[in-house]
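Participant: Below are the structure tokens for one structure; questions will follow.
Read-outs: derived from the displayed coordinates by stated rules, not from any lab. Treat the numbers as computed from the prediction; the structure is a model and nothing was measured. For neighbour counting, all protein chains shown are included, and Cβ atoms are generated from backbone atoms with ideal geometry for every residue, glycine included.
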Amino acid sequence: MTKIALSGNTVEISARPVRARVTFLTEDVFRIWVAPGGRFVDETDMVITTDFPGVVPDVADAGNYVRLSTAALALRVYKEPLRFGLYHPDDATLIFEEKRALSFEDEGATQYLTRGQGEQFFGGGMQNGRFSHRHKAIDIAVSYNWDDGGCPNSVPFYLSSAGYGVFRHTFAPGRYVFHDTIRTTHRERRFDAYYFVGDAKHVIGRYTELTGRPLMPPIYGLEMGDADCYCHNANRGERHTLDALQVADGYVDREIPLGWMLVNDGYGCGYEDLDRTAAGLRDRNVTLGLWTSTGLADQAKEVRTGARVRKLDVAWVGPGYRFALDACRQAFEGIEDNCDGRGFVWTPEGWAGSQRYAVHWSGDQEGSWEYIRWQIPTYAGATMSGQAYTTGDVDGIYTGSAATYTRDLQWKMFLPIAMTMDGWADTDKQPWCRGEPYTSINRRYIQLRERLLPYFYTYCAQANRTGVGMVRPLWLEYPDDPATLREEAKYEFLAGDAFLVAPVYDDQDVRDGIYLPAGTWTEYWTGERFRGPVRLHDHPAPFDRLPLFIKGGSIIPMWPEGTLSWATRDSGQLDLDVYPDGHSTFTLYEDDGVTRRYADGEYSEQTFTVDASGSDVQLTIGAAAGGYAGQPGGRRYAIRLHRPEGVTVTTTPFIPITTASTITL
């Protein structure tokens, strides 16, 4: 280092043969930007928040390094050679340190960091089959490998259990190695990285504050989706787009909820009679979606016709990086520019920033037990990169069986987004296509999902505000429990605070190795109670039963039994599933479900509180704060109270939405 100077919240550094800048955006967020030739080239497409207040660091010369400190951190700038070390504000407790100077070799710009004892690493976007990366290497690149080990929708971001995260501000492909020495490389001769200090949820929040919060989906986007080529389908014989209405009737006739349909396929399928198809779907309370592999030349017209869902495919977005991010933005904004609805886009090739536009879909896969197994950590792990909406087709689009379809559908009903797609397998893949008993089991889980949408939708609003999605690895909620990183916990996840889901991923009627962390857990179907931490071996899981556990203290808002569509639900009743355990709360979020008026403050929040510290259980139904178009004036509440001695049901009289009420159960 030959020179260092402070200018506002930026420290300028000269060190032959590079120049560097360290900019402090907040007390806990800073950017290190190193240019080998002294020329700073900015990659602005990913970053949307640029109005951070800026913090002027304290600068102190400590001999062999200069200390740049804020209330949240101390950054050491070592003089010879130039390298960086991140410490807690005491400048004594290490977070990480560069083991050597940044390298600008032919393979790209590489940072070498220390790895702490027991330090764990997460992120990298969608990393198929993985959620934690200690001792592993992950690729951050466009991937057409849809299977275990692939990395569709990867992002140049990771976070550490040591209390920090790093976003490499680049569109260049990379590779991160989390061995004894952490080595992160991107194939370019520049280094530009943002650092976030704090626990995992805080880091995810800061990262998505910078690159964009996850989208707020429309309520129908959380309902079951159906996709196929309903026009000139080479795999099914001659079809026409209007045939999609007959398939939609198949859902209606069987009382299986359906929210949206993709009625075409971008690979030469096209569509006919779109106006009539859109109108027919509206009559069935189903929203029109369109698939594209070639671009969006007719998007304005299609949106005006009724298209509100867009699925982008690899033939178009396959180049990835900036191209895919721009494509997601084009599709998302094309919906919002031509109607008052919300953009809702699916992509198989995301990058940093695409979470503000898209659902991240894991690609074309085969239905199998193995497919179920490795997808479980995939989606929970993607949450650690701010990807709040990740999913895969129920039972894939190829092969599969009646058993794998039903087992896959069971657990995917606890992902925020779900779709079944056919047209490529040897049979159609709607939930009834395999006959009984599969149809009845599938219907049961899709109906349960429909009733749970108030709970799911609340977590969508939280993701839109905080960046943290509903589907979470156990470690995110129990970071001090080392068992959450062991193999058995890899194949289960949390769906919000209430549900622990342990999918069955082999052809058995028991589920082995279920781990329940600290707390009280109730088996959803049987009411059996467990006290964690505990491992369950050979837990009964007959074919119609997904191993599903409810955390003590949970208050779960649900639409009434029999609800088949958000559009026809009884908004005058809300069911509350209550699992009392001490003092607990749940704040329900609601808005009109389809427009963007929520962003202008048109929404409501209603807090439910349970106090079970005494012999009685007290439930307080809070008054709704705020309002929106279509908000009910009041509600009846059907309360299911789950206690060790059994379940009791209480239904309240009609309570005005502006009134608070306390009930003894």
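Participant: Say each of GLU80 and HIS583 gets a label point 7 Å from the Cα, pointing the same way as Cα to Cβ; how far apart are those two points in nm?
Facilitator: With each label point 7 Å from Cα toward Cβ, the separation is 6.0 nm.
Participant: Let me ask something additional. What is the list of residues in the range 406-448 whose amide nitrogen lies under 19 Å from a point 7 angstrom out from the Cα of TRP525, following Cα to Cβ?
Facilitator: Flagged as within label range: 406-415, 432, 435-448.
Participant: Could you grab the relative contact order for the chain? Cα pairs under 8 Å, six or more apart, rounded to a whole percent. If you can, show how the numbers build up before the last one.
Facilitator: Details: 1710 pairs, mean separation 61.7, N = 665.
So the answer I get is 9 percent.
Participant: Show me the chymotrypsin sites (Phe, Trp or Tyr not before Pro) within the range 146-250 that DSSP assigns to loop and that have at most 12 other Cβ atoms within 10 Å of their Cβ.
Facilitator: none
Participant: Please compute the Kirkwood hydrodynamic radius over the chain, one decimal place, Å, based on all pairs of different Cα atoms.
Facilitator: Numbers: mean 1/r = 0.0384 Å⁻¹.
So the Kirkwood estimate lands at 26.0 Å.
Participant: In addition: Any chance you could check the Cα centroid distance between the range 612-636 and the range 209-223 for me, in angstrom?
Facilitator: Their Cα centres are 26 Å away from one another.
Participant: Also, I was wondering about something else. How about the chain: what cysteines have no other cysteine beta carbon under 4.7 Å from their own?
Facilitator: CYS151, CYS231, CYS328, CYS339, CYS433, CYS460
Participant: Another question, then. Taking the Cα centre of each part, how many Å lie between the range 238-310 and the range 9-76?
Facilitator: Spelled out, the Cα-based centre of one part sits 50 Å from the other.
Participant: Taking only the alpha carbons of the range 3-211, what extent do you get along each of the three principal axes, in Å, biggest first?
Facilitator: So the three principal-axis extents are 51, 34, 34 Å.
Participant: How long are the semi-axes of the equivalent ellipsoid of the range 112-228, taking √(5λ) for every eigenvalue λ of the Cα gyration tensor, in whole Å from largest down?
Facilitator: 26, 18, 15
Participant: Still on this model: Under a 5 Å amide H to amide H cut-off, with H placed in plane at 1.01 Å, what residues pair with TYR389 once short-range neighbours are removed?
Facilitator: Placed amide hydrogens put HIS360 under 5 Å from TYR389.
Participant: When the Debye formula is applied to the Cα atoms of the range 219-434, each taken as the same point scatterer, what base-10 log of I(q)/I(0) results at q = 0.10, 0.11, 0.12, 0.16 Å⁻¹?
Facilitator: Log10 I(q)/I(0), no solvent term: -0.39, -0.48, -0.58, -1.10.
Participant: Taking R0 as 60 Å, what FRET efficiency do you get between ASP106 and GLN631 from their Cβ-Cβ distance, rounded to the nearest 0.05?
Facilitator: Working from the Cβ atoms, E equals 0.50.
Participant: Grab every C-alpha pair in the range 405-507, bin the distances at 5 angstrom width from 0 up to the longest one, and report whole percents.
Facilitator: Once binned at 5 Å, the Cα pair distances of the range 405-507 give 2, 11, 18, 20, 18, 14, 10, 5, 2, 0.
Participant: Turning to a different aspect of this structure: Alpha carbon centre of the range 536-575 versus the range 85-152: separation in Å?
Facilitator: 38 Å
Participant: Hey, another quick one. Just to confirm the filter: which chymotrypsin sites (Phe, Trp or Tyr not before Pro) across the range 352-448 are DSSP coil and have at most 16 other Cβ within 10 angstrom of their Cβ? Let's see the in-between values first.
Facilitator: On the way: sites: TYR357, TRP361, TRP369, TYR371, TRP374, TYR379, TYR389, TYR398, TYR405, TRP411, PHE414, TRP424, TRP432, TYR438, TYR445; in loops: TYR357, TYR389, PHE414, TRP424, TRP432.
Here no chymotrypsin sites (Phe, Trp or Tyr not before Pro) fit, given the DSSP loop and packing criteria.
Participant: In addition: What three numbers, in Å, describe the spread of the alpha carbons of the range 570-664 along their principal axes, ordered from the longest?
Facilitator: Answer, in whole Å and largest first: 45, 23, 21 Å.
Participant: Sort ASP51, ASP611 by Cβ crowding within 10 Å, fewest neighbours at the top.
Facilitator: Going from sparsest to densest Cβ surroundings: ASP51, ASP611.
Participant: Could you check what % of the DSSP bridge pairs in the chain are antiparallel, to the nearest 5?
Facilitator: 80 percent
Participant: Report for the range 219-434 the percent antiparallel among DSSP-assigned beta bridges with both residues inside it, nearest 5.
Facilitator: Here the share of antiparallel DSSP bridges comes out near 10 percent.
Participant: Also, quick follow-up: Under a cut-off of 25 Å between alpha-carbon atoms, report the lysines in cross-link reach of LYS429, not counting same-chain residues fewer than 8 places apart.
Facilitator: LYS311, LYS412
Participant: How far, in degrees from 0 to 90, does helix 200-211 lean away from the longest principal axis of the Cα atoms of the chain, to the nearest 10?
Facilitator: With rounding to tens, the tilt is 80 degrees.
Participant: Taking the Cα-to-Cβ direction at PHE52 and at ASP509 and moving 7 Å from each Cα, how far apart do the two end points lie in nm?
Facilitator: A separation of 5.7 nm, rounded to one decimal place.
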